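Structure first, commentary second.
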Amino acid sequence: ASVADHPILKGLNNAQRRAVSSSSATVAILAGPGSGKTHTLTSRVVWLVDEVGYRPQDVVVATFTVKAAREMMDRIGRALGGGREKKLILGTFHSICRRYLSAYGGKIGLPKDFGIADDKDSRGIVERVCKRLKLTLDPPTARAWISKQKAGGSEKESARAKKPPGKSLGLQELQTCYDEYQKQLERSNLLDYDDLLVRCVELLRKFPSCVSNIQSVLIDEYQDTNGIQYELMKLFAQHRSRITIVGDPDQSIYGWRSAEIGNLWRLLREFKGTEEVSLEDNYRSSQSILNLSLQVIQQDKDRYKKVLKPVHTRGSRPVLRKLKNAYAEADWIVCEMRRVIMMSGNMLTHSDVAILLRSAALSRHIESTLGKAGIAYKMVGGFKFYDRAEIKTLLDYLRVVHQPHNNDALSRIMNVPKRGIGEGTIKNLIEEAEQASMSLWTLLVKHCRGQRTAKTKITKHTEQRITGGLIRVIEDLRKISAHTDDVSGDSDGLVGLIHQLIKLLDFERFLKDTHPDDHEQRWANVQEFINVAADFVRDLEQTGDDTLPEIQGLQQSVETELLPRFLANVSLASDVQTGEDGENKPLVTISTIHAAKGLEWPVVFIPAVYQGSIPHARSEDQNEERRLLYVAMTRAKCLLYLSCPTYRSNSSDEPCELSSFVATISRSFLEKGPCLDRPVMEQIAQIVKRKLPSNEAIYGSLPSMYSPEDDFGCGPESEQDNRRNTSRQIGASIDAPPAKRPRLSAPAG
Ligand code: ATP
Ligand code: MG
C-alpha cells in the first residue's frame, strides 16, 4: 500500500502528508490560519510515536495556551490510544519548564518549594519596590522593561546596555528596580513567569543530560516565541533531536511580550537544510469570511505573503454593525446569537458561539447582558477568576501555608479579615523585617511569642488578633497540609484543607460583613474555587503524576505534595494566555483575542471595533493590532459579526470612530444580521460537520415572525430594516429561558 493509505495520513492533503511523514531533521510549516497547521503538528506527533517508534516521554510538544495544550492532548490521545499521550512532555513553555525545574531545580540551587508569581503578583512587587525606593518610574512600564530584559534571552550585560523607552535618566532607576524586584522574589522564594524560562535555560545548559532522552521537539504558534523560548527549543533539542515548528507570521500578536518574529528567519538560518512546507488550503472558514479577513491583513504591505485559498463555498457575508452604545451592542449580540441558534434548529448551541474582545475591560456589558438573558458563559484568558478578591485572599492564605516566608502573600492577608493593622504598619513591619534580614513571618511570630522584636508599634489587641487569627490559623493549616501529601489517595486532603481554611476564617460571615450587596455571588465563587481544587485532584489521579521520564544517572526530586502543585497550577492557569474551562457544557465563550489564538468557532462576534479599542490606544504597533483583528476574524467558521458603538457609553457623548482597519472595506460587510436561508444553513451544517436538520427542525419551532422571507438581512438594506432589527423587539418576542447563574461570573459592581 502507498504511504498515502497510512491511517495517520488519511484525510490529509499532500502538503500536510509530506510534513507529517517528513524524515528531515528540521521541518518548518509556515501557513495561514485554518490551513491545518495544528492538525498537521498533532498528526506528526502520532507519526513519530507510532511510525518512527519514539517513546512518548521522549517527545516535547510546546504551545502557547493551556486550552490549546489540552485540545492537542485530546486529539493526540484519540489517535494514539492507550493513554500514551499522557506521557508526552506537552504543555505551555511555562508548564514544561516548571516540570523540569521541580524535578531538577535543585541542581542549580533552586529550593524545592519554590512558588510562582503570576503577572499580578509581579506587578504588585514592582509597585511596592517603586514606592519604597521612591523611584519616579511608572510601575507597569518598569515591569514590562524587566520582563523584556529577562525574556529577550540576551546576556545580562547587553541587556543592561539596552536603553528603555523614554528618559535615559530612567535607565539607572529601572536597573535599581530590577535588582530590588529580583531580590524580593528570591526572598519570598518565588519565580515569575520569565524566571521559569530563564532558570530552565540555565538548567539545561549546565545539565544537558536532563534532556538526553529527547528525540523530537515540536512547537505550535512558533511566530510568538521570544528569544528565550527559542533558546529553550534549541536546548531541548541539543542532543540532535528533530525539530518541527509551525507558525504564521501574520498571526504574530505577542510582540508586547517580546515575541520575535525574527526567530523564524533565525531558525532557517541556523538550521540549514530545514524542510519548508506551506499549506495553502483553508479548511476553517467560509469563502466570504476568509476573503474579508485577507482584505484586512493585506493592508500591511510589508508582510510575508502566502497563498491561502478557501475550501468552503461563499457562505454568508460577515456583518459590520453600528449600534448606539455599548449597551445596545451587547443587546444586539445576545439577540443575534439567539436568532442564529434558533434558526439552526438544534444544529448550533451556545458553545458554538464566541465573543472575542480586544481587552478584558470590555466584557462588563456583555457579561451582564448575557447574565440577564440567562445565557451561561465561560471566560477565557485575561479575565482572571483567580483575581477576584475573595479567591485571591484564599489563595494567599494557601500560599502562606505552603511558604510562610512569602512576604508578599503574607502582607496581603495580614489585615484580611480586618485585624486593625493599617497599611503603614504593614509597610513598616516589612521594612523592619528586611533590615533584620528575616522574613515578615519570622518577625511576627517572634514578636507575638513574647520576644517583642518588632519596633513598629502594634497594640496589644492587634497583637492578640495576629496571634489568634493569623499565626494560629496558618500553623493549624500547616499541620493539616503536612498530612495531605499523598497524591494518590485522599482527595479530601486538599479540598479538606480549603474547607478548614474557610471555617477558621469564618469566611462566609466575613463576606457578608464586608460585601453586603454581593456576598452571595462571592460565596458562589468560593464554592467554585473548591470545585476547581476538587477537579485538580481528580485530574491528577487520572493522569498520574507529571514526573519526567527516568534518565540514567539522574535523580529527579519527585514532587508529591498536593498543595504546591495546586498552587503552581493556579499560577500558570492565570497566565494571560490561558483560561478556565467548562468542558462539555454548552456555554458561550467570552475570550480575549490573545487567548483565542489557534481556536475556532462556527459563530464569532467581535464587538468594539473602534479606534482606540482596536487599534488599541496604548499600542505602539499598528501592524500588530491589525494582525490581532485578523486573528480574531479568522477564528470564525460560518458567521462573523463585527460591531461598533456610535458613542462610548450611555452617559457620555464621546463618539466612537470605526476602526481604520475596516473603515475602508466597510462596504464589503453586511449591515445587519445575515439571511439564514437554506443555502447558508446547509453550508453551516457542512462546516460544523453535522447533517442539515430537516426544514421543519429549522423553521418549524420558530415564532411566526421568523419566516425565512421575513428574515433580517434579506431584501434592501434600508434604515427601516435596520431599525426593525433592534434588540428590544427581538428580545421581547423570544421567551427567555429561565435565568441561570453564569459560571464564574464576576460579582456585580
Ligand atoms: P491557526 O493558524 O488558526 O492556528 P491552523 O492552521 O492551526 O489554524 P487547524 O486548527 O489545524 O488550523 O485546522 C483548522 C480546521 O481545519 C480544523 O477544524 C481542522 O480539523 C480542519 N482541517 C485541517 N486539515 C484538514 C484536512 N486536510 N481536511 C479537512 N479538514 C481539515
Ligand atoms: Mg493552529
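Quick note: the coordinates plus some simple rules give every number you see, no bench work behind them. Quick caveat, the model's predicted, so the values are computed rather than measured. Here the Cβ positions follow ideal geometry from the backbone for every residue, glycine too, while neighbour counts run over all protein chains shown.
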Let's see if you can work this out: charge +1 on each Lys and Arg Cβ, -1 on each Asp and Glu Cβ, no other charges. What is the dipole magnitude of the stretch 346-492 about its Cα centre, in debye to the nearest 20?
700 debye
Quick one: if the Förster radius is 45 Å, what FRET efficiency do ALA663 and ASN14 give, using the C-beta to C-beta distance and rounding to 0.05?
0.70
Set the Förster radius R0 to 22 Å, insert the Cβ-Cβ distance between THR442 and THR467 as r into 1/(1 + (r/R0)^6), and round the FRET efficiency to 0.05.
0.90
Could you rank the peptides 51-61, 286-296 by their average count of other C-beta atoms within 10 Å per residue, with the highest value first?
286-296, 51-61
HIS239 versus GLN175, label points 7 Å from Cα toward the beta carbon: distance in nm?
4.0 nm
Out of residues 5 or more away from THR244 or on other chains, whose amide H comes under 5 Å of its own, with H placed 1.01 Å from N in the peptide plane?
VAL27, VAL217, LEU218, ILE219
Taking the stretch 215-362, how many lysine pairs are there with alpha carbons less than 29 Å apart, if each pair must be eight or more places apart or span two chains?
8
Using the per-residue mean of other Cβ atoms lying within 10 Å as a proxy for protection, in what order, highest first, do the peptides 495-503, 422-430 fall?
495-503, 422-430
Potential lengthening between ASN346 and VAL688 on full extension [0.36 nm per residue; Cα-Cα distance subtracted]:
121.9 nm
Using the Kirkwood radius over Cα pairs of the stretch 181-232, the Stokes-Einstein translational diffusion coefficient at 10 °C and 1.306 mPa s, in µm²/s and rounded to a whole number, is 124 µm²/s
Sticking to Cα atoms, compute the Rg of the stretch 327-432 to one decimal and its Dmax as the biggest Cα-Cα distance, whole number, in Å.
21.1, 67
Two pseudo-spin positions, 7 Å from Cα along C-beta at GLU654 and at ASP518, lie apart in nanometres by 2.2 nm
Label model pair ALA617, ARG266: point-to-point distance (7 angstrom along the Cα→beta-carbon line) in nm is 3.5 nm
Subtracting the Cα-Cα distance of ARG123 and LYS460 from 0.36 nm times their residue separation yields 118.0 nm
Using packing as a proxy for protection, rank 199-206, 100-107 so that the peptide with the highest average count of other Cβ atoms within 10 Å comes first.
100-107, 199-206
For the stretch 203-260, just say rounded, prolate or oblate: build the C-alpha gyration tensor, square-root its eigenvalues into a ≥ b ≥ c, call rounded for a/c under 1.5, and beyond that prolate if a/b exceeds b/c, oblate if not.
oblate
Taking H placed 1.01 Å from N in the peptide plane, check which residues at least 5 places from GLU280 or on another chain put their amide H under 5 Å from its amide H.
none
